[in-house]
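Before any comments, here is the structure.
The values are calculated or read from the model by the stated rules, or taken from the named source; none is laboratory data. In this text the structure is predicted, and so the values were computed from the model without any measurement. Reconstructed Cβ throughout: ideal geometry from the backbone, glycine too, with neighbour counts over all protein chains shown. Just so you know, the surface numbers come from the protein's heavy atoms only, side chains and all, with ligands and any DNA or RNA stripped out. Shrake-Rupley method; radii C 1.70, N 1.55, O 1.52, S 1.80 Å.
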Amino acid sequence: MTSADLRPAPAPHQRTAPPALLGRDSAAAYRGLVADVADRIAARFAAVERPWTGAAPAALAPSIAAVDLDRPLESFEAAFDEVGALYLDDAVWFHHPRYLAHLNCPVALPAVAAETVLAAVNTSVDTWDQSAGGTLIEQRLVEWTAQRLGLGPDADGVFTSGGTQSNLQALLLARDEAVEAQQLKHEVEHGTPLRGVEVLPRLRFFASPHSHFSVVKAARLLGLGEDAVVTVPADDWFRMNPAALDAAIETCREQGNVPAAIVATAGTTDFGSVDPLAPVAEIAAAHRVWLHVDAAYGCGLLVSLEHRALLAGVEAADSVTVDYHKSFFQPVSSSALLVRDRAALRHVTHHADYLNPAEGALPNQVDKSLQTTRRFDALKLWMTLRTLGPDAIGAMFDRVCALADETWDWLASDPRFEVAAPPSQLSTVLFRLAGADDATHRRAREALAASGEGMVAATRVEGRIALKLTLLNPETALDDVVPVLEALARHGKTAQEAV
């Protein structure tokens, strides 16, 4: 059998179609498509009047399910029109000043332009021979971030898909460092080797009750189980209690278990609280435990002109998560994991002969990453820094923090509301409708979203539902927030009267 025998028979003659692939001969078609899409999206942005339509799954699902994906439409324009009806008409617009719900930000224009480059060139930043300059740009941004963190000359890192992946990789490194330390200790004390699987059941991570859910998820994925995460009590400002952390580590050792990592949070999702990093770092050093700082939300403090001091102590961390697609105003996805000692990244390195052979001398980012194929997301941040500069980004982050303070004061002064948490260290605000139960809060929030008047989130504080504003739009002002609060009060009153 020859190679020709393995090839399929040629397809019958088909109608002439526009170019399907981007290349030299389709440059003009590419220019036209991108310009057309830009015009259409620009028109959408100009016409947006509310953050969302409030569409329910039952309303959208039938139209999408009815699409026959085996039968293409007659043109790209027709396909885009279809996407408009199925997606854009009911998209959630994070740039709208009354979108106040989750940790989603409006995005910097230079980063959006960079996305066009990423998609067209389609670089994969895993090996040098696939990315070249892209590799060096990512490494330079990692170096710049590590310098801002103060991690020292041996620091390194890699871009990731988001905080969940960054936290997972950090805790994987912490796990394997702890396993190696226990194996070495056992061999010194007993002269016999110890298998890693014998250590795993005794490993423990320490985090506050307000740390990101990805910490527990990582423990499960790493084979340790959810019980491996020890919850350390927090103070009245929802920050980890250092004395309680120290006691928890002592108890862990007394029980014959192994403290593997402390997870401190610089910007909790619900409260915007920053754990006391310097005291926590001292405890980590005293007990020789890996310190990971989850600064996915709070990484904007790295460029803040007013609040950088909140990160004091982060320079002692062994690893740090940063989410540029939160407080650096980057499009999803753009995150990174930084480590103090690049040698720790060996725990995720695997050499494949076809990709990154062990004898190779070229810089390959795949040696540091959980991913193989990976977008050149670093270009977005590069273009933003080179166009706007870090001070401009920091000023935007400072504005949303100031808006949170203004909003908290407004709520505290209005008898229709009650604040559900102290003022945030970052840009979240938690509150309730005065005298309302959980059901009323749910109905008021749903009615607000359905009306298009605004969007807010919800969580629980001390067992009760609280409404949450996550302020990440520097163009939002108190004059944008107050009408949303007024609408919530009105919807809450309607909900109570209907009972």
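The table below lists the values:
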{"read-out": "Percentage relative contact order, segment 24-100, counting C-alpha pairs under 8 Å, at least six apart", "value": "49 percent"}
{"read-out": "List TYR354, TYR324, ordered by accessible area with a 1.4 Å probe, largest first", "value": "TYR354, TYR324"}
{"read-out": "Accessible carbon and sulfur surface of the chain relative to its total accessible area, %, 1.4 Å", "value": "55 percent"}
{"read-out": "Part-to-part distance (alpha-carbon centres) for segment 360-410 and segment 111-186, which is given in Å", "value": "13 Å"}
{"read-out": "DSSP-assigned coil residues among trypsin sites (Lys or Arg not before Pro) in segment 250-328, each with at most 11 further Cβ atoms within 10 Å", "value": "ARG288"}
{"read-out": "Listed residue (ASN104, ASN167, LEU141) projecting farthest to the positive dipole end of segment 96-242, Cβ model", "value": "ASN104"}
{"read-out": "For segment 308-434, accessible area per residue (1.4 Å probe, heavy atoms of protein chains only), Å²", "value": "40 Å²"}
{"read-out": "Local electrostatic count at ALA261 - Lys and Arg +1, Asp and Glu -1, tallied over other residues with Cβ under 10 Å", "value": "0"}
{"read-out": "FRET efficiency, SER26 to GLU180 (Cβ-Cβ, R0 45 Å, nearest 0.05)", "value": "0.30"}
{"read-out": "For the chain, calculated [θ]222 nm from helices alone, where every DSSP H run of n ≥ 4 adds -39500 (n - 2.57)", "value": "-13500 deg cm²/dmol"}
{"read-out": "12 Å beta-carbon shell around GLN130, net charge (K/R +1, D/E -1)", "value": "0"}
{"read-out": "Under the span-like rule (Cα at least 27 Å along the axis, Kyte-Doolittle mean at least -0.5), DSSP H helices of the chain", "value": "27-47, 390-412, 478-497"}
{"read-out": "Environment charge at GLY196 (Cβ cut-off 14 Å; Lys +1, Arg +1, Asp -1, Glu -1)", "value": "-1"}
{"read-out": "Beta bridge orientation in segment 168-287: antiparallel %, DSSP, nearest 5", "value": "20 percent"}
{"read-out": "Label-point gap, in nm, between ASP437 and THR372 - each point 7 angstrom along Cα→Cβ", "value": "5.6 nm"}
{"read-out": "Relative contact order %, segment 397-499, counting alpha carbon pairs below 8 Å whose residues are six or more apart", "value": "30 percent"}
{"read-out": "Segment 228-362: relative contact order as a whole-number percent, Cα under 8 Å and 6+ apart", "value": "17 percent"}
{"read-out": "Exposure rank, largest accessible area first [ASP25, ASP39, ASP90; 1.4 Å]", "value": "ASP25, ASP39, ASP90"}
{"read-out": "Exposed-site-free run, longest, the chain (rule: GluC sites (Glu not before Pro); DSSP loop; at most 10 other C-beta within 10 Å)", "value": "75-358"}
{"read-out": "VAL117 versus SER451: modelled label distance in nm, points set 7 Å from Cα along the beta carbon direction", "value": "4.5 nm"}
{"read-out": "Rounded to the nearest 10 Å², the accessible area of CYS401 at probe 1.4 Å", "value": "0 Å²"}
{"read-out": "Largest to smallest accessible area among PHE213, PHE80, PHE205 [probe 1.4 Å]", "value": "PHE213, PHE80, PHE205"}
{"read-out": "Span from the segment 314-340 Cα centroid across to the segment 443-499 one, whole angstrom", "value": "30 Å"}
{"read-out": "Simple Cβ-charge dipole of segment 397-499, Lys/Arg +1 and Asp/Glu -1, about Cα centre, in debye nearest 20", "value": "440 debye"}
{"read-out": "Size of charge dipole - segment 267-418 - debye, nearest 20, with Cβ of Lys, Arg +1 and Asp, Glu -1, no other charges", "value": "640 debye"}
{"read-out": "Paramagnetic reach from ALA91 in segment 27-71 [backbone N under 17 Å; point 7 Å along Cα→Cβ]", "value": "33-55"}
{"read-out": "1.4 Å probe accessible area per residue over segment 87-237, in Å²", "value": "46 Å²"}
{"read-out": "Cα-projected label distance for GLN147 with VAL48, points at 7 Å along beta-carbon direction, nm", "value": "3.4 nm"}
